[in-house]
Structure formats: structure tokens, C-alpha cells
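Notes follow the structure.
The values are calculated or read from the model by the stated rules, or taken from the named source; none is laboratory data. Owing to the predicted nature of the structure, the values given are computational and were not obtained by experimental measurement. Counting neighbours? That spans all protein chains shown, and the Cβs are built from the backbone with ideal geometry, glycine included.
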Amino acid sequence: MFEARIAQAPKDTVHRDGKGSVYRFRGSARAGSHVPVLLVPSMINRWYVLDLREGASFATALSAGAPWDTFCFDWGVPEDEDRFVTWDDVVVRLDRVVRRVLRITGSPKVALVGYSLGATLSGIHTALHPEQVAALVNLAGPFDFSEAGRLGIMADARWFDPVALTAAGNLDPALLQSGFQALAPTGALSRLVGLADEIHDPGARAAFAALETWVSDKVTFPAAAFVTYIKELYQENRLVRGQHYVRGERVDLARITCPVMTVVADRDNICPPKAAIALNDHTSSRVKEVLTVPGGHISAVVGSRAAEELYPRIRSWLEAHGTLSNARAPESRL
């Protein structure tokens with residue numbers, strides 16, 4: 001319908017991990033006195049929701065003129081052969097990416113900014129490797145799945161069987177999309193109605209085209225990982241109970257001691273505020289903050305108010321907590 005200009009922030013691909021890539025954004029510091037910032041998007045959708053378009057790019061807001069190096073992990077698009085990728089494999093992939101960023105920058109630590117499922121995985125990584133993380137930003141990522149709202153009801157073990165859904169292979173993205181649409185069945189229609197009111201505004205047309213491109217750019221979910229994700233987190237709520245294990249190691253959120261900021265959207269029906277704020281309740285961090293912004297799970301990040309309500313406040317928080325480092329690790333020869 002309209003041309004979409006997406007993922008415009010200048011960047012370089014500095015590492016590949018299987019089908020995934022690590023991007024380093026230009027315009028920020030190189031190996032200065034601050035630890036690097038690593039953006040961890042959800043693996044359910046494409047990464048560029050964090051760099052959607054000009055004026056709605058979280059990546060640009062964090063990297064442009066920043067005193068730290070800014071990276072992003074693109075999980076890539078799983079294919080048929082990835083059906084046996086386990087949840088442990090997913091967590092270990094993030095660990096490899098963190099270690100790669102540390103080697104590239106020579107920094108002893110990294111600041112993690114995770115979005116949605118990427119925030120949940122960032123919290124798990126921080127609990128397993130607290131010595132690597134200087135600060136953690138949870139951007140609308142669930143931790144207490146008993147507070148998952150309607151999505152939690154949909155994933156109830158009484159009628160939702162992740163094993164059956166993935167018996168033929170990776171989870172079809174159409175099934176994921178239908179679940180999200182059930183949470184907001186009039187969402188697509190509302191976007192069209194909103195566009196009709198602003199059809200003569202080039203900015204509104206660009207915003208609509210970019211968001212529709214991202215929404216339609218669907219990603220499968222590795223079958224084995226999906227089963228564990230649904231069973232252990234959604235259905236059994238093991239993460240906040242301290243009963244979730246990765247490669248035999250218990251994920252204890254109390255091991256997180258770095259500064260933590262949890263960002264919640266006031267109309268989020270994918271990750272209700274209580275599901276996200278639970279991270280703060282279970283860490284041992286002395287600095288724990290909650291930021292509430294207007295919008296839903298997606299609009300809070302890419303909507304018209306995100307550049308004013310969200311981006312500068314996270315950047316200011318990172319400047320104040322956990323990104324300044326006087327000690328630098330020696331450059332690895334690996």
C-alpha cells in the first residue's frame with residue numbers, strides 16, 4: 001500500500017551466530033569509559049521493532065552520540081531444521097553473544113536492555129551470569145506468569161498443549177499471530193481507521209507502512225524451545241518460584257544485584273504490568289525502579305509518544321546507573 005522504510009539506523013554486522021547476527025550501531029562511542037549496551041529483542045518477532053523507522057527508533061535514541069557502544073542481537077529466522085533447538089540452546093546463544101560483545105569492546109561488563117521475551121531471557125542470563133551485567137532494563141518482559149492476564153489464560157495447560165502444537169515441527173507463526181490478535185481483535189481495524197483520519201499526512205502513512213511491514217514479517221518458534229517456554233514458564237511459573245533450570249543450573253533471580261529498571265505500558269495486554277514488575281520483587285538489587293509509560297505492548301515502543309515518553313528516560317537511566325566503568329578487561333585473543 002505504502003513504501004516502508006525500516007531499520008534505517010546505520011550499523012555494522014560484527015558477529016554471526018548461526019542464523020543470528022550482532023549489529024553494532026554507528027554514531028556512539030568506541031571503547032570509552034562506559035560499558036556497552038546490548039539490545040535483546042524478542043525472538044518471536046523480528047528485531048527491527050527496536051529500529052522501526054526514522055523518528056521511532058529505540059536503537060537510534062540509545063546510540064546517537066551516546067558515551068557507550070550500542071549493539072543489538074538479531075535472533076534470525078528459524079527454519080525447519082531448527083525444530084530441535086532447545087530452550088537451553090536459546091539461553092546459551094545469548095550468553096555467547098554477550099561474551100562476544102565483551103571481547104569486541106574489552107569491557108568487563110555489559111548493560112542489557114531486553115524487550116518482551118528478550119527481557120525475560122536477559123533476566124535469566126543475568127541471574128546465571130551476574131558478574132557480566134552492569135545494568136538490566138526490562139522493557140515489558142514477563143517474569144511472574146501467574147500475572148500474564150489473558151495470554152496466560154490462553155496458554156493454560158487444561159486446553160493448551162505445546163507438544164501437540166509442535167508435533168509437526170516449529171510453531172507456525174500464524175498460530176502465534178492468531179493468539180495475539182485474539183487479545184486485541186479490533187487492533188488491525190483500529191490502525192486502518194486511524195490511518196484514514198491522517199491519510200494526507202506523509203508521517204502517518206510512513207508509520208503505518210513500517211508497522212504493518214513488521215507485523216506481517218512473521219517468525220517461527222523452534223519447537224523444542226517453545227514446549228519448555230510454555231510448560232515451565234507460562235503453565236508452571238517456575239521462573240519466579242526458583243524452579244527453572246538451564247543446563248542443570250537453577251535460575252535464581254535473587255542473584256541479580258545490578259541496577260534494574262522495569263518498564264511497563266499501562267495498556268499492555270501481552271505483558272501486564274504485574275508480570276513484569278515481579279522481576280524487581282525477586283532481585284537483590286539495591287537500585288530497582290519501575291517506569292510506567294502510556295500505550296500497549298508495541299505502541300509504547302514505536303508509537304507517536306515513544307520518542308518523548310520512553311527513549312530519553314531509559315537513556316537517562318542508563319547514564320545514571322551501571323554504564324560507567326573505569327576498569328576494562330584485556331582484549332581477548334579468541
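The residues listed here are F84, F73; of these, the one that is touching a helix residue (DSSP H, G or I) at 6+ places or on another chain (Cβ under 6 Å) and surrounded by fewer than 16 Cβ atoms within 10 Å (Cβ to Cβ) is F84. Looking at (1) out of contact with any strand residue (DSSP E or B) (no Cβ under 8 Å at 6 or more places or on another chain); (2) among the hydrophobic types (A, V, I, L, M, F, W, C); (3) closer than 22 Å to K218 by Cβ, which is the only condition A127 fails? That leaves (3) as the condition not met.
Residues in region 265-322 that are hydroxyl-bearing (S, T, Y) and surrounded by 16 or more Cβ atoms within 10 Å (Cβ to Cβ) were compared, and the one that is nearest to R241 (Cα to Cα) is T283.
For region 92-130, the set of residues classified as under 18 Å from K288 (Cα atoms) and over 18 Å from the mean Cα position of the chain (by Cα) consists of P130 only.
Remark: G141 matches the filter, which requires a residue to be touching a Gly at 6+ places or on another chain (Cβ under 8 Å), in a loop (DSSP other than H, G, I, E, B) and of a type outside the set (A, V, I, L, M).
Picking from residues in region 246-268 that are closer than 30 Å to P312 by Cβ and part of a loop (DSSP other than H, G, I, E, B), the one that is farthest from the chain's Cα centre (by Cα) is T257. Whenever a residue of region 243-258 is within 10 Å of S284 (Cβ to Cβ), its partners that are of a type outside the set (G, A, S) and modelled with pLDDT under 95, lying with C-beta atoms within less than 9 angstrom and at least six residues away or across chains, give the pairs C258/H321. On inspection, V240 qualifies as within 24 Å of A134 (Cβ to Cβ), aliphatic (A, V, I, L, M) and in a helix (DSSP H, G or I). Quick check on this structure: which one of G27, G76, G65, G32 is modelled with pLDDT of 95 or more, of a type outside the set (S, T, Y) and part of a loop (DSSP other than H, G, I, E, B)? Just one listed residue meets the conditions, G76.
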